[in-house]
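Everything on this sheet refers to the single structure shown next.
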Amino acid sequence: MELPKRKRNRLREYDYSQMGVYFVTICAHNKQPIFGTVGAIHESPENKIQLSSCGVIVESVIIDLEQRYPNVKIDKYVIMPNHIHLMIRLLERMRI
């Protein structure tokens, strides 16, 4: 199966290892809702995702990132049924 042709979503000359804030989206394979389920559609305090076992693992890894990488700060994140959004701050240049 051939993958669809997609527009390039990164700047060609930008060095993504430098300091800054990066917005990252990670999608589940085939957009399967493996990270959890959401209850009601309306906005309410109960309208939180019920994490699946995969979602619990993902959240624990996100929380642990700052401990594993001292130059990384997770400003915000949200786990949805089939994808994750993160705002990652690099406090210093990453050494690759």
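Seen through its C-alpha gyration tensor, with square-root eigenvalues sorted a ≥ b ≥ c, the chain comes out oblate because a/c lies at 1.5 or above while a/b is not bigger than b/c.
Backbone geometry of segment 29-36 corresponds, through the Karplus equation with coefficients 6.51, -1.76 and 1.60 at θ = phi - 60°, to 3J(HN,Hα) couplings of 4, 6, 6, 6, x, 8, 8, x Hz, x marking Gly and Pro. Modelled this way, with points 7 Å down the Cα-to-C-beta line, the labels at residue 1 and residue 38 are 2.4 nm from one another.
Rounded to whole numbers, the Karplus 3J(HN,Hα) couplings from phi for segment 54-64 are 5, x, 5, 5, 4, 4, 5, 5, 4, 4, 7 Hz, using 6.51 cos²θ - 1.76 cosθ + 1.60 with θ = phi - 60°, and x at Gly and Pro.
For segment 12-28, backbone phi angles converted through the Karplus equation (6.51, -1.76, 1.60; θ = phi - 60°) give residue-by-residue couplings of 4, 9, 7, 8, 6, 8, 7, 4, x, 10, 10, 9, 10, 10, 10, 9, 6 Hz, Gly and Pro being listed as x. For residue 80, nonlocal amide neighbours, meaning residues 5 or more places apart or on other chains whose placed amide H falls under 5 Å from its own, are 85. Over the chain, dividing the summed -39,500 (n - 2.57) contributions of all DSSP H runs of at least 4 residues by the number of residues returns a 222 nm mean residue ellipticity of -5500 deg cm²/dmol.
Among the listed pairs 7/48; 5/31; 7/31; 31/73, give every one whose C-alpha distance is greater than 25 Å. Display every interim value, and only then the final one.
Values: 7/48 33 Å; 5/31 18 Å; 7/31 19 Å; 31/73 27 Å.
In this structure, 7/48; 31/73 lie more than 25 Å apart at Cα.
Here's how it looks for residue 52: its modeled amide H is under 5 Å from those of 36, 37, which are all 5 or more places away or on a different chain. A Förster radius of 22 Å combined with the Cβ-Cβ distance from residue 67 to residue 91 puts the calculated FRET efficiency at roughly 0.95.
About the Cα centre of segment 56-96, what is the dipole size in debye to 20, counting +1 per Lys and Arg Cβ and -1 per Asp and Glu Cβ, all else neutral?
Details: 6 positive and 5 negative charges, 40 e Å.
My answer is approximately 200 debye.
We did not get these values from a lab; they are worked out from the coordinates using the rules stated. Note that the coordinates shown come from a computational prediction; the quantities given were computed from them, not determined experimentally. In this analysis, Cβ positions are derived from the backbone assuming ideal geometry, glycine residues included, and neighbour counts consider all displayed protein chains.
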